[in-house]
Amino acid sequence: MSQDHDEALPSARTQGPSRRRLLALGASAGALAFAGPLAGWVPGALAATPPTKPKGQAVIGLSQEPTVFQPLKLHIEVDEAVYMNLFGTLWRSNPDGSFAPDLAAEIPSVENGGISADGLAWRVKLRPDVKWHDGTPFTAEDVKYNLALLVDPKFLSGRRAGHDLLRDVTVVSPTEITWRMERPYAPYPAILSWTWFGPKHILEKEADINKPAFAQNPVGTGPFRWGERVPGDHITLKAYEGYHGPGPFLETLVIKYVPDLTVLYTQFQTGDIDYIGLQGITPDHYDEAKTLKGQVVQPVPKATIENLALNTGLPVFKDRAVREALYLAVDKKSIIEQLYYGLPVPTESYLPMQSWAFNPDLPAQSYDPEKAKATLDAAGWAPGPDGIRVKDGVRLEFTNSTTAGNHLREQAQQLLQQNWLEIGARMTISNLPPAVMWGDYWMLSKFESAMVGIDFMVGPDPDATDYFSSHAIAAKGGGGQNTTQFDSPEADALLKDGAATVDRAQRKAAYLKLQALTRRELPYLPLFQYAMVQGVKAGLEGYVPNINTQENCWNAGEWYWA
């Protein structure tokens, strides 16, 4: 994470932390304390020592429901709240962008002989003391099985990019595995920090690996083991006392699903929820929330970008002029200031402003309905008898979908509906429950347009192959989340260039061009970077916000009550 652009970081109003402080928050490590309204979350001394045995319970409140429990499958951010506590990765991303070993004994590098000087030969040493929750030893055979499954064309892989470059994967011993990369791939260490492993001895026996029985009672290597799932309500995880790392210090972790954001906040307010994450506390509740006694409430920076995703595979969105006109007709300022209370910062990029590859020189969107109309006129989209524009028999008419119960997005949709109708585009709101919205409807590009928050990064790495590569279109058999079906040879080439070297200057040059390309082509209409208002009950030690993870319960195994 870079401090090059800290002057543009998400900020609260005058009561909130400074912009420079917010950057420090995302890069902090260790215990956090609340040092007042201007200081916010800062490293502090632990108020108590962890218990010697797991003790107590913490309730995590999320607005969306985790539903995918095979961690290598296509999934969304909320599922990772479970993965980070149930499963293990070779190493994980720290808040400062560094890696910490998990299943691996050390981070492979040129210095320790784990990676050859040309970046092609890898040797990964594993911890000898890791066991699956059923007591079976974790070995290099598990790693090899998972890496092969990710690139199996029959498997609905969440990501193939990077993994598809592995050759000659060899189990040297139960605690050592080697492979050769077809070519250097700079994002691969970050990709592995987000690759959770499942047990070979269970998964290889599944009749249908895409619908495994394993998902009903998943077995991992993480600090918590599976307890129960009550669909539509909660998931309970129990302490795994055979865990190889620090903790777990809590006996029980409850992940509670509350789709209505106002109800979610009320349950945090009353103390029924100990940590409120994902969407966080909505900005309209921020002023009240920060006065709550016994609760610590502050904005923290997130890498997530709020977008309007356009399915470019549909006739109505194939014309770039339509995408450009729709963006010109978005009253972004009103959305941010009136609905989100000025907390988020408008952006034109898919990358967060903290990224070393962020492009600060993209053209700023302006709300200009007249220019939008002129753009459509010039492109041949003429108003029909009812005022809705038509070209070659295609009406400028589409649905927009998001999570039902997200009242701020629903209000934004209503404003957009009016904005777009003024230029001759009819948008119908069609919202769905989270499990439906972010299932095949989103992953397989069945939506028309969507309001969605996406972290396009891979941990601390700015590679966005998953979202912009033509090979990552799941609706066309690809492995990834290019749900807008954006198909650009130029983007493919820039993604390849950005990943083919470890030279940061060369990588940055490619990613600056890619951001300019996506800003011009607009498969996503970027709105703002999140300034997430998160709440933690006072006395919950060990909580640390991490801009390099999808959810800030990434280290719940180290949480405990003072």
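The values are calculated or read from the model by the stated rules, or taken from the named source; none is laboratory data. Since this is a predicted model, take the numbers as computed values, not measurements. Glycine also receives a Cβ, built like all others from the backbone with ideal geometry; neighbour counts cover every protein chain displayed.
Pick from the range 303-322 the residues that are over 20 Å from K476 (Cα atoms), crowded, with 21+ Cβ neighbours inside 10 Å and not hydroxyl-bearing (S, T, Y): which of them is nearest to the chain's Cα centre (by Cα)?
A303
Would you check if there is a residue in the range 26-49 being modelled with pLDDT of 90 or more and under 22 Å from the mean Cα position of the chain (by Cα)?
First, pick out the residues of the range 26-49 that are modelled with pLDDT of 90 or more: 49.
Now drop any that are not under 22 Å from the mean Cα position of the chain (by Cα), which leaves none.
For the range 26-49, residues modelled with pLDDT of 90 or more and under 22 Å from the mean Cα position of the chain (by Cα): absent.
Quick check on the range 272-317: of everything there that is of a type in the set (K, R) and in contact (Cβ under 8 Å) with a residue 12 or more places away in the chain, which residue is farthest from P526 (Cα to Cα)?
Step one: list which residues in the range 272-317 are of a type in the set (K, R), which gives 290, 293, 302.
In the following step, the residues that additionally are in contact (Cβ under 8 Å) with a residue 12 or more places away in the chain were identified as 290, 302.
Values: K290: 28, K302: 15 Å.
My answer is K290.
With a cut-off of at least 2 residues that are under 24 Å from the mean Cα position of the chain (by Cα) and of a type outside the set (A, V, I, L, M), name the strands (runs of 3 or more DSSP E) lying wholly within the range 385-463.
Working: elements: 389-391, 397-401, 426-429, 449-454.
It comes to 397-401, 449-454.
Which numbered condition trips up G424, out of (1) at positive phi; (2) touching a residue at least 60 places away in the same chain (Cβ under 8 Å); (3) in contact with a strand residue (DSSP E or B) (Cβ under 7 Å, 6 or more places away or on another chain)?
(2)
What is the one condition in (1) of a type outside the set (K, R); (2) outside any loop (DSSP other than H, G, I, E, B); (3) at pLDDT 95 or above; (4) not assigned by TED's automatic domain parsing to the domain that holds K476 that H244 does not satisfy?
The failed condition is (2).
Just one of the numbered conditions (1) surrounded by 24 or more Cβ atoms within 10 Å (Cβ to Cβ); (2) in contact (Cβ under 8 Å) with a residue 24 or more places away in the chain is not true of A491; which one?
Looking at each condition in turn, A491 falls short on (1).
Report, ordered by the first and then the second residue, all pairs with beta carbons closer than 7 Å, sequence separation of six or more or different chains, a first member in the range 545-562 that is under 22 Å from P462 (Cα atoms) and part of a loop (DSSP other than H, G, I, E, B), and a second member that is among the aromatic types (F, W, Y) and at pLDDT below 90.
Matching pairs, first to second residue: P545/W41.
So which residues in the range 220-271 are among the polar types (S, T, N, Q) and without any contact (Cβ under 8 Å) to a residue 60 or more places away in the chain, if there are any at all?
Restricting attention to the range 220-271, the residues satisfying the condition of being among the polar types (S, T, N, Q) are 221, 236, 252, 262, 266-267, 269-270.
Residues satisfying the conditions are T236, T266, Q269, T270.
Being closer than 30 Å to E106 by Cα and either at pLDDT 95 or above or outside the structural domain of T483 (by TED's automatic domain parsing) (or both) narrows it down to one residue among P231, P223; which is it?
Details: P231 fails: closer than 30 Å to E106 by Cα.
Sole residue among the options that is closer than 30 Å to E106 by Cα and either at pLDDT 95 or above or outside the structural domain of T483 (by TED's automatic domain parsing) (or both): P223.
Condition test on Y467, is it surrounded by 20 or more Cβ atoms within 10 Å (Cβ to Cβ), out of contact with any Lys or Arg (no Cβ under 8 Å at 6 or more places or on another chain) and modelled with pLDDT of 95 or more? Let's see the steps before the verdict.
Working: surrounded by 20 or more Cβ atoms within 10 Å (Cβ to Cβ): yes; out of contact with any Lys or Arg (no Cβ under 8 Å at 6 or more places or on another chain): yes; modelled with pLDDT of 95 or more: yes.
Spelling it out, Y467 is indeed surrounded by 20 or more Cβ atoms within 10 Å (Cβ to Cβ), out of contact with any Lys or Arg (no Cβ under 8 Å at 6 or more places or on another chain) and modelled with pLDDT of 95 or more.
Mind listing whichever residues of the range 290-333 are assigned to a loop (DSSP other than H, G, I, E, B) and aliphatic (A, V, I, L, M)?
First, the residues of the range 290-333 that are assigned to a loop (DSSP other than H, G, I, E, B): 290-294, 311-314, 319, 329-331.
Result: L292, L314, A329, V330.
Any residue at all in the range 451-458 that is in the same structural domain as K508 (by TED's automatic domain parsing), more than 22 Å from N546 (Cβ to Cβ) and in contact (Cβ under 8 Å) with a residue 12 or more places away in the chain? Give the steps one after another, and end with the answer.
At the first step, the residues of the range 451-458 found to be in the same structural domain as K508 (by TED's automatic domain parsing) are 451-458.
Then drop every residue that is not more than 22 Å from N546 (Cβ to Cβ), which leaves 451.
Now drop any that are not in contact (Cβ under 8 Å) with a residue 12 or more places away in the chain, which leaves 451.
Within the range 451-458 (the criterion being in the same structural domain as K508 (by TED's automatic domain parsing), more than 22 Å from N546 (Cβ to Cβ) and in contact (Cβ under 8 Å) with a residue 12 or more places away in the chain), the answer is yes, since at least one residue qualifies.
Are any of the residues in the range 74-92 surrounded by fewer than 23 Cβ atoms within 10 Å (Cβ to Cβ) and polar (S, T, N, Q)?
no
Given the structure, is N112 surrounded by fewer than 21 Cβ atoms within 10 Å (Cβ to Cβ) and over 24 Å from V219 (Cβ atoms)?
Numbers: surrounded by fewer than 21 Cβ atoms within 10 Å (Cβ to Cβ): yes; over 24 Å from V219 (Cβ atoms): yes.
Yes; evaluated as a whole, the condition is true for this residue.
Out of the residues in the range 392-411 that are touching a residue at least 60 places away in the same chain (Cβ under 8 Å) and in contact with a strand residue (DSSP E or B) (Cβ under 7 Å, 6 or more places away or on another chain), state the one that is surrounded by the most Cβ atoms within 10 Å (Cβ to Cβ).
If we take residues in the range 392-411 being touching a residue at least 60 places away in the same chain (Cβ under 8 Å) and in contact with a strand residue (DSSP E or B) (Cβ under 7 Å, 6 or more places away or on another chain), then L396 is surrounded by the most Cβ atoms within 10 Å (Cβ to Cβ).
Would you please name the residue that is surrounded by the most Cβ atoms within 10 Å (Cβ to Cβ), looking only at residues in the range 129-160 that are out of contact with any strand residue (DSSP E or B) (no Cβ under 9 Å at 6 or more places or on another chain) and under 28 Å from D463 (Cα atoms)?
Among those that are out of contact with any strand residue (DSSP E or B) (no Cβ under 9 Å at 6 or more places or on another chain) and under 28 Å from D463 (Cα atoms), it is R160.
Which residue pairs have Cβ atoms under 6 Å apart, sit 6 or more places apart or on different chains, and have a first residue in the range 161-183 that is assigned by TED's automatic domain parsing to the domain that holds D129 and hydroxyl-bearing (S, T, Y) and a second that is modelled with pLDDT of 95 or more and assigned to a loop (DSSP other than H, G, I, E, B)?
T175/P128
Sort out which residues of the range 401-423 are within 16 Å of V322 (Cα to Cα) and either hydrophobic (A, V, I, L, M, F, W, C) or touching a Ser or Thr at 6+ places or on another chain (Cβ under 7 Å) (or both), and write them in order of number.
Of all residues in the range 401-423, those within 16 Å of V322 (Cα to Cα) come to 416-417, 419-423.
Once the filter is applied, which keeps residues that are within 16 Å of V322 (Cα to Cα) and either hydrophobic (A, V, I, L, M, F, W, C) or touching a Ser or Thr at 6+ places or on another chain (Cβ under 7 Å) (or both), the range 401-423 yields L416, W420, L421, I423.
Go through (1) within 27 Å of Y367 (Cβ to Cβ); (2) buried (at least 23 other Cβ atoms within 10 Å of the Cβ) one by one and return the number of the condition R519 breaks.
Failing condition for R519: (2).
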